[in-house]
Amino acid sequence: MPLLPHPADNDLLPRPALAAGVLVLPALATLGLSAVLALAAPTEAQARTRRSVEHNADGSTTTHTGVARSGPNGAMLRGRTATTDGQGNGSVTRRGATVGAQGGVAARQGSTTRSVDGSTSHSGTVSAQNAQGSLHSSGGASRNADGSVEQARSTTATSAVTGNSVQTQSRYSKDSGLNRSATCYDASGAAMACPTRP
(Lines give C-alpha, C1' and ligand atoms only; values in the text may rest on other atoms or scores of the structure.)
Protein backbone atom coordinates (compact mmCIF):
# COMPACT_ATOMS: atom_id res chain seq x y z
CA MET A 1 0.00 0.00 0.00
CA PRO A 2 1.43 3.41 -0.90
CA LEU A 3 2.25 6.03 1.67
CA LEU A 4 -0.04 8.99 2.17
CA PRO A 5 -0.01 11.23 -0.92
CA HIS A 6 0.49 14.98 -0.77
CA PRO A 7 -2.10 17.14 -2.52
CA ALA A 8 -0.49 19.23 -5.24
CA ASP A 9 0.01 22.88 -4.29
CA ASN A 10 -1.44 24.12 -7.57
CA ASP A 11 -4.53 22.04 -6.85
CA LEU A 12 -5.07 23.67 -3.47
CA LEU A 13 -4.97 27.26 -4.66
CA PRO A 14 -7.79 27.02 -7.23
CA ARG A 15 -9.97 25.26 -4.64
CA PRO A 16 -10.34 27.93 -1.92
CA ALA A 17 -13.34 26.19 -0.38
CA LEU A 18 -10.87 23.60 0.85
CA ALA A 19 -8.23 26.20 1.47
CA ALA A 20 -6.11 26.75 4.57
CA GLY A 21 -3.14 27.33 6.48
CA VAL A 22 -2.61 28.37 9.96
CA LEU A 23 0.90 27.10 9.45
CA VAL A 24 1.43 28.56 5.99
CA LEU A 25 3.46 31.52 7.17
CA PRO A 26 5.80 29.53 9.46
CA ALA A 27 6.46 27.11 6.61
CA LEU A 28 7.08 29.95 4.19
CA ALA A 29 9.41 31.60 6.68
CA THR A 30 11.42 28.40 6.83
CA LEU A 31 11.80 28.45 3.07
CA GLY A 32 12.39 32.16 2.78
CA LEU A 33 9.21 34.18 2.22
CA SER A 34 11.10 37.10 0.75
CA ALA A 35 12.61 34.87 -1.90
CA VAL A 36 9.20 33.53 -2.89
CA LEU A 37 7.67 36.99 -3.12
CA ALA A 38 10.63 38.28 -5.09
CA LEU A 39 10.11 35.50 -7.59
CA ALA A 40 6.48 36.51 -8.05
CA ALA A 41 7.46 39.88 -9.48
CA PRO A 42 8.77 39.00 -12.98
CA THR A 43 6.23 39.00 -15.81
CA GLU A 44 8.17 36.37 -17.76
CA ALA A 45 8.64 32.81 -16.63
CA GLN A 46 11.93 32.12 -14.86
CA ALA A 47 13.38 28.96 -13.34
CA ARG A 48 16.46 28.18 -11.28
CA THR A 49 17.76 24.83 -10.05
CA ARG A 50 20.64 24.15 -7.68
CA ARG A 51 22.03 20.77 -6.64
CA SER A 52 24.92 19.75 -4.40
CA VAL A 53 26.23 16.41 -3.15
CA GLU A 54 28.16 15.90 0.09
CA HIS A 55 30.21 12.75 0.71
CA ASN A 56 30.62 12.53 4.46
CA ALA A 57 33.48 10.97 6.43
CA ASP A 58 31.23 8.25 7.85
CA GLY A 59 30.42 6.98 4.35
CA SER A 60 27.02 8.62 4.12
CA THR A 61 25.95 10.84 1.24
CA THR A 62 23.72 13.91 1.42
CA THR A 63 22.18 15.49 -1.67
CA HIS A 64 20.53 18.92 -1.64
CA THR A 65 18.29 20.06 -4.50
CA GLY A 66 16.50 23.41 -4.78
CA VAL A 67 14.14 24.60 -7.49
CA ALA A 68 12.63 28.08 -7.89
CA ARG A 69 10.18 29.07 -10.61
CA SER A 70 8.22 32.23 -11.28
CA GLY A 71 5.95 33.67 -13.91
CA PRO A 72 2.70 35.57 -14.52
CA ASN A 73 0.72 32.97 -12.56
CA GLY A 74 2.85 33.12 -9.40
CA ALA A 75 5.98 31.60 -7.94
CA MET A 76 7.15 28.33 -6.46
CA LEU A 77 10.08 27.38 -4.24
CA ARG A 78 10.91 23.72 -3.56
CA GLY A 79 13.74 22.00 -1.71
CA ARG A 80 14.76 18.38 -1.17
CA THR A 81 17.45 16.78 0.99
CA ALA A 82 18.23 13.08 0.69
CA THR A 83 20.66 11.17 2.89
CA THR A 84 21.87 7.57 2.57
CA ASP A 85 24.33 5.75 4.80
CA GLY A 86 25.52 3.20 2.23
CA GLN A 87 23.98 0.34 4.23
CA GLY A 88 20.42 0.53 2.91
CA ASN A 89 19.12 3.18 5.29
CA GLY A 90 18.04 6.56 3.99
CA SER A 91 15.87 9.59 4.54
CA VAL A 92 14.35 12.30 2.38
CA THR A 93 13.02 15.69 3.51
CA ARG A 94 10.96 17.89 1.18
CA ARG A 95 9.66 21.44 1.58
CA GLY A 96 7.81 23.63 -0.86
CA ALA A 97 5.90 26.89 -1.06
CA THR A 98 3.71 28.45 -3.72
CA VAL A 99 2.40 32.00 -4.13
CA GLY A 100 -0.45 32.44 -6.61
CA ALA A 101 -1.06 35.46 -8.81
CA GLN A 102 -4.24 36.24 -6.84
CA GLY A 103 -2.46 36.21 -3.49
CA GLY A 104 -3.18 32.64 -2.42
CA VAL A 105 -0.34 30.81 -0.68
CA ALA A 106 0.33 27.13 -0.07
CA ALA A 107 3.12 25.27 1.67
CA ARG A 108 3.97 21.68 2.35
CA GLN A 109 6.71 19.75 4.04
CA GLY A 110 7.34 16.10 4.67
CA SER A 111 9.96 13.54 5.56
CA THR A 112 10.37 9.87 4.73
CA THR A 113 12.78 7.35 6.22
CA ARG A 114 13.67 3.88 4.98
CA SER A 115 15.49 1.19 6.93
CA VAL A 116 17.50 -1.72 5.65
CA ASP A 117 14.92 -4.16 7.08
CA GLY A 118 12.32 -2.78 4.65
CA SER A 119 10.39 -0.65 7.14
CA THR A 120 9.49 2.92 6.19
CA SER A 121 7.82 5.90 7.81
CA HIS A 122 6.47 9.15 6.46
CA SER A 123 5.05 12.32 7.97
CA GLY A 124 3.99 15.57 6.37
CA THR A 125 1.85 18.68 6.46
CA VAL A 126 0.04 20.71 3.83
CA SER A 127 -1.33 24.22 4.35
CA ALA A 128 -3.03 26.70 2.04
CA GLN A 129 -4.80 30.01 2.37
CA ASN A 130 -6.52 32.55 0.15
CA ALA A 131 -9.35 35.07 0.34
CA GLN A 132 -12.04 32.42 0.69
CA GLY A 133 -10.58 30.21 3.37
CA SER A 134 -7.79 28.14 4.80
CA LEU A 135 -6.80 24.51 5.23
CA HIS A 136 -4.23 22.61 7.23
CA SER A 137 -3.64 18.89 6.97
CA SER A 138 -1.07 16.73 8.73
CA GLY A 139 -0.50 13.03 8.97
CA GLY A 140 1.79 10.12 8.52
CA ALA A 141 2.15 6.51 7.55
CA SER A 142 4.40 3.64 8.47
CA ARG A 143 5.15 0.23 7.04
CA ASN A 144 6.76 -2.35 9.26
CA ALA A 145 9.27 -4.94 8.15
CA ASP A 146 6.46 -7.52 8.00
CA GLY A 147 4.58 -5.36 5.46
CA SER A 148 1.79 -4.15 7.77
CA VAL A 149 0.75 -0.54 7.21
CA GLU A 150 -0.72 2.13 9.47
CA GLN A 151 -1.87 5.58 8.34
CA ALA A 152 -3.44 8.60 10.04
CA ARG A 153 -4.39 12.09 8.91
CA SER A 154 -6.05 15.14 10.47
CA THR A 155 -7.43 18.03 8.40
CA THR A 156 -9.03 21.35 9.32
CA ALA A 157 -10.68 23.62 6.75
CA THR A 158 -12.13 27.05 7.60
CA SER A 159 -14.31 29.34 5.50
CA ALA A 160 -13.22 32.99 5.48
CA VAL A 161 -16.79 33.98 4.54
CA THR A 162 -18.70 32.34 7.42
CA GLY A 163 -15.93 31.43 9.85
CA ASN A 164 -17.34 27.91 9.98
CA SER A 165 -14.87 25.05 9.96
CA VAL A 166 -14.71 21.29 9.62
CA GLN A 167 -12.22 18.93 11.24
CA THR A 168 -11.77 15.47 9.79
CA GLN A 169 -9.82 12.52 11.10
CA SER A 170 -8.92 9.33 9.28
CA ARG A 171 -6.98 6.32 10.48
CA TYR A 172 -6.11 2.97 8.96
CA SER A 173 -4.54 -0.18 10.32
CA LYS A 174 -4.67 -3.82 9.32
CA ASP A 175 -6.49 -4.76 12.52
CA SER A 176 -9.13 -2.01 12.66
CA GLY A 177 -9.46 -1.12 8.97
CA LEU A 178 -10.30 2.42 7.87
CA ASN A 179 -12.04 4.80 10.27
CA ARG A 180 -13.16 8.33 9.44
CA SER A 181 -14.88 11.08 11.38
CA ALA A 182 -15.85 14.71 10.79
CA THR A 183 -16.94 17.49 13.17
CA CYS A 184 -18.15 20.93 12.12
CA TYR A 185 -17.96 24.17 14.12
CA ASP A 186 -19.50 27.61 13.73
CA ALA A 187 -17.50 30.83 13.90
CA SER A 188 -17.73 30.90 17.71
CA GLY A 189 -16.27 27.42 18.01
CA ALA A 190 -19.52 25.67 18.95
CA ALA A 191 -20.16 22.28 17.36
CA MET A 192 -22.81 22.29 14.64
CA ALA A 193 -24.35 19.88 12.17
CA CYS A 194 -22.19 19.44 9.10
CA PRO A 195 -23.92 20.57 5.89
CA THR A 196 -25.04 17.82 3.59
CA ARG A 197 -23.79 17.60 0.05
CA PRO A 198 -26.32 18.52 -2.64
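Computed with a 1.4 Å probe on the full set of protein chains, the accessible area for D186 sits at about 50 Å². Rounded to the nearest 20, the size of the Cβ-charge dipole of the stretch 81-162 about its Cα centre is 280 debye, with Lys and Arg at +1 and Asp and Glu at -1. Shown for the stretch 55-198: the carbon plus sulfur share of the solvent-accessible area, taken with all protein chains present and a 1.4 angstrom probe, equals 48%. The Kirkwood radius of the stretch 55-163, taken over pairs of alpha-carbon atoms, gives through the Stokes-Einstein law at 10 °C and 1.306 mPa s a diffusion coefficient of 98 µm² s⁻¹. May I ask for the distance between the Cα centers of the stretch 88-128 and the stretch 49-77, given as a whole number of Å? So the two Cα centres are separated by 14 Å. Note on M76: accessible area approximately 30 square angstrom, rounded to 10, probe 1.4 Å, nucleic acids and ligands left out. Multiplying the residue separation of A47 and S91 by 0.36 nm and removing their Cα-Cα distance gives an extension gain of 13.2 nm.
Projecting the Cα atoms of H55, P72, T113 onto the dipole axis of the stretch 47-122, where Lys and Arg carry +1 and Asp and Glu carry -1 at the beta carbon, places P72 farthest toward the positive end.
Remark: spin-label model distance T62-A190 equals 5.3 nm, labels positioned 7 Å along the Cα→Cβ axis.
The values are calculated or read from the model by the stated rules, or taken from the named source; none is laboratory data. Predicted model only: the values in this text are computed from it and were never measured. Neighbour counts run over all protein chains shown; Cβ positions are idealised from the backbone, glycine included. All accessible areas refer to the heavy atoms of the entire protein, side chains included, with ligands and DNA or RNA removed. Shrake-Rupley method; radii C 1.70, N 1.55, O 1.52, S 1.80 Å.
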